[in-house]
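One structure is given here, and the rest of the page talks about it.
The values are calculated or read from the model by the stated rules, or taken from the named source; none is laboratory data. Nothing here was measured: the structure is a model prediction, and the numbers come from that model. Positions of Cβ are generated from backbone atoms using ideal geometry, with glycine treated the same way; all protein chains shown enter the neighbour counts. Only protein heavy atoms, including side chains, enter the accessible area calculation; ligands, DNA and RNA are left aside. Shrake-Rupley method; radii C 1.70, N 1.55, O 1.52, S 1.80 Å.
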Amino acid sequence: MKEDFIIPLNGLAEGRRVFSVHAGKEFFDAFDNSEIIDADVDVEVSVEKSGRYTGLDLVLSGTLTVPCDRCLEDLVLPVEAAPRFSVKFGAEPESEDNLMEGEREILFLPESDTDLDLSQIIYDFSCISIPVKRVHPDGLCNPDTVRFLNSKAQEPQKDDDNPFAALKELFEKK
């Protein structure tokens, strides 16, 4: 499966080539990501080679299934990303001033590398598309869980259950 995400840069003739790959559950399992329950992400990779220039345009589209932060039921989230890169061979510069080329981020590869493994890039951009707060739209969470959470929120909290009760007493003494 890993071979599907490797682009042979040295073997490409000049011009534009398009590759399509699919990142499913097995792909994300290989990264030991326990947050992603299921995945269906299609990736279209367009590689343009001209002399020493190599441009790489990716389009990620699909869905990731993660647990809802509120009810822990499966939540299907869209994945949409379109990163663009320029590939350069050689050492990465020490200053961060030269890491962009127009709208493209520069990927530096050692001179000896002949292939580009897109696995980490696809994984990173998929994970970045997951929002920080992952909850179902209002009314779509598991009703039993929501009912339980609401009943716990309405119960008054006893000072015995509150670890900060001792601090409260300190402020009251002053």
Original post:
Looking at segment 116-174, which of the residues that are over 28 Å from the mean Cα position of the chain (by Cα) and acidic (Asp, Glu) is modelled with the lowest pLDDT?
Top reply: Asp159
Subject >> Hits in segment 77-95 (condition: assigned to a strand (DSSP E or B) and touching an Asp or Glu at 6+ places or on another chain (Cβ under 8 Å)) >> reply: Arg84, Phe85, Ser86, Phe89
Original post:
Residues in segment 120-147 that are in a helix (DSSP H, G or I) and closer than 17 Å to Cys71 by Cβ: how many?
Top reply: 5
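Per-residue answers, yes or no, for (1) of a type in the set (Lys, Arg); (2) at pLDDT below 95:
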residue	(1), (2)
Lys2	yes, yes
Ile7	no, yes
Ala23	no, no
Ala30	no, yes
Ser34	no, yes
Asp40	no, no
Val43	no, no
Glu48	no, yes
Original post:
Looking at segment 110-129, which of its residues are hydrophobic (A, V, I, L, M, F, W, C) and either surrounded by fewer than 14 Cβ atoms within 10 Å (Cβ to Cβ) or in contact with a Gly (Cβ under 8 Å, 6 or more places away or on another chain) (or both)?
Top reply: Ile128
**OP:** Take the residues in segment 36-51 that are touching a Phe, Trp or Tyr at 6+ places or on another chain (Cβ under 9 Å) and among the charged types (D, E, K, R), then tell me which one is least open to solvent (accessible area, probe 1.4 Å).
**Re:** Asp38
Subject >> Options Ala91, Ala81; residue that is of a type in the set (A, V, I, L, M) and at pLDDT below 85 >> reply: Ala91
**OP:** Just need a number here: residues in segment 14-35 that are outside any loop (DSSP other than H, G, I, E, B), out of contact with any helix residue (DSSP H, G or I) (no Cβ under 6 Å at 6 or more places or on another chain) and open to solvent by less than 70 Å² (accessible area, probe 1.4 Å).
**Re:** 6
Original post:
When the residues of segment 77-108 are filtered to those that are in contact (Cβ under 8 Å) with a residue 24 or more places away in the chain and among the aliphatic types (A, V, I, L, M), which remaining residue is surrounded by the most Cβ atoms within 10 Å (Cβ to Cβ)?
Top reply: Val79
